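*Asks:* Provided herewith is a single structure, encoded as structure tokens, for subsequent inquiry.
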Amino acid sequence: MPLKPYACANCGHWQRYFAPPPDCPVCTDTRNDLPEDGWRFLTVEEVRPMLRGHWRRLERDLVAFSVSPPLGLNGTGWLLLQPEGNIAFEAAPFYTDEMLAEIERLGGIRFLAASHVHGYGALWQLQDVFRPEVLAIQKEDLWLTKAFRVTRPYDEALEIAPGLVLHHVGGHYEGQAVLHDAGRRILFCGDAFKVDQDEAGNSTAVSTHKAFHKSIPLTPGEIRRYREVIAGLDFDTVCTPFEHAPGVGRDIALAVLDDQLRGPPGVRHIPIDELRRSAMQ
Ligand SMILES: [Zn+2]
Ligand SMILES: [Zn+2]
């Protein structure tokens with residue numbers, strides 16, 4: 001029997017296995033919740049009819065791919081349109097034939113990467129279909145990549161194209177990395193930040209955390225590491241696996257980290273107005 005991809009119905013994590021897997025490494029980890037009523041794993045044949053695919057063209061030649069209804073953590077796949085070959089960062093939980101056809105129409109994928117396991121989605125599908133030259137994941141998280149093949153593990157940083165650099169930040173996940181896009185002035189920040197947004201998509205608060213569901217804070221050393229990397233990067237927008245947040249730039253990101261360094265460790269959803277005020281001081 002060839003290995004088949006299975007998605008965890010609770011978090012959406014894909015594994016290739018010879019039978020439904022015994023458990024899901026993302027859900028058994030403390031940073032995610034366990035399903036309350038046992039494991040359920042879905043095959044591609046089961047997932048495909050459940051979902052509709054969507055894509056949204058944003059400014060700065062950025063396209064956001066998503067599905068509905070939600071599957072698992074339900075992240076967004078970002079596609080950065082580049083004259084020298086497109087970059088996909090993070091992935092949607094699944095790609096329907098229509099989504100794959102749209103990516104093909106937009107020029108396919110030359111470089112593929114993700115911040116950490118909560119952004120992997122169906123990365124394996126993008127690798128199978130588009131055969132990118134590079135699939136880059138930071139070396140500490142290689143053990144979570146059984147559904148696809150990492151071709152470019154890296155240490156501290158990796159420039160995947162001119163002006164597009166992956167930086168290892170750790171913290172939330174040991175191998176978490178951010179992608180800095182100097183030309184677009186966007187930081188694809190993984191779960192280094194969580195942006196609360198209202199129904200209209202306006203950002204209302206920003207937090208940082210080790211574990212979101214359990215509200216576990218980062219350590220001061222982990223926050224300092226984030227700060228060291230981010231302080232050197234110019235950006236006016238962050239994209240997490242879940243949110244596109246124009247206006248959340250470097251000053252606001254640093255204000256979130258400085259709040260953590262001043263106060264006792266704790267997950268605080270700091271209102272955006274308060275962050276703007278402290279960023280101006
Ligand atoms: Zn899971
Ligand atoms: Zn995460």
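*Asks:* To the nearest whole percent, what portion of all C-alpha pairs in segment 1-67 is separated by more than 14 angstrom?
*Replies:* Value for segment 1-67 (Cα pairs over 14 Å): 65 percent.
*Asks:* Would you kindly derive the ³J(HN,Hα) couplings of segment 215-221 from the backbone phi angles with the Karplus curve 6.51 cos²θ - 1.76 cosθ + 1.60 (θ = phi - 60°), listing them in order in whole Hz, with x for Gly and Pro?
*Replies:* 6, 8, x, 7, 7, x, x
*Asks:* Per residue, how much space in cubic angstrom lies within the convex hull of the C-alpha atoms of the chain?
*Replies:* Details: hull volume 35.6 nm³, N = 281.
Roughly 127 Å³ of hull volume per residue.
*Asks:* Quote the relative contact order of segment 4-280 in percent (integer), defining contacts as alpha-carbon pairs under 8 Å separated by 6+ residues.
*Replies:* 12
*Asks:* Please arrange E140, E102 by accessible surface area, largest first, computed with a 1.4 Å probe and ligands excluded.
*Replies:* E140, E102
*Asks:* Just the number, please: Stokes-Einstein D of segment 137-207 in µm²/s, Kirkwood Rh from C-alpha pairs, 4 °C, 1.567 mPa s.
*Replies:* So the translational diffusion coefficient is about 95 µm²/s.
*Asks:* Calculated FRET efficiency, L3 and K214, Cβ-Cβ r, R0 41 Å, to nearest 0.05?
*Replies:* Once rounded, the FRET efficiency stands at 0.80.
*Asks:* Keeping all protein chains in place, calculate the accessible area per residue for segment 1-78 (probe 1.4 angstrom), answer in Å².
*Replies:* On the way: 4220 Å² over 78 residues.
That works out to 54 Å² for each residue.
*Asks:* Can you give the extra length, in nm with one decimal, that the chain gains between A19 and E159 once fully stretched, where that is 0.36 nm per residue apart less the Cα-Cα distance?
*Replies:* 46.6 nm
*Asks:* Whole number please: convex hull volume per residue, Cα atoms of segment 66-137, in Å³.
*Replies:* Once divided by residue count, the hull of segment 66-137 is 73 Å³.
*Asks:* Carbon and sulfur atoms: what percent of the 1.4 Å accessible area of segment 4-280 do they account for?
*Replies:* That share works out to 50 percent.
*Asks:* Continuing with the same structure: Could you provide, to the nearest whole Å², the per residue accessible area of segment 83-176 with probe 1.4 Å? Could the numbers behind the result be given before it?
*Replies:* Details: 3490 Å² over 94 residues.
Computed with neighbouring chains in place, this is 37 Å² per residue.
The values are calculated or read from the model by the stated rules, or taken from the named source; none is laboratory data. Quick caveat, the model's predicted, so the values are computed rather than measured. No Cβ is skipped: glycine too gets one built from the backbone with ideal geometry, and neighbour counts run over all protein chains shown. Each accessible area value is taken on the protein alone, full model and side chains, heavy atoms only, with ligands, DNA and RNA left out. Shrake-Rupley method; radii C 1.70, N 1.55, O 1.52, S 1.80 Å.
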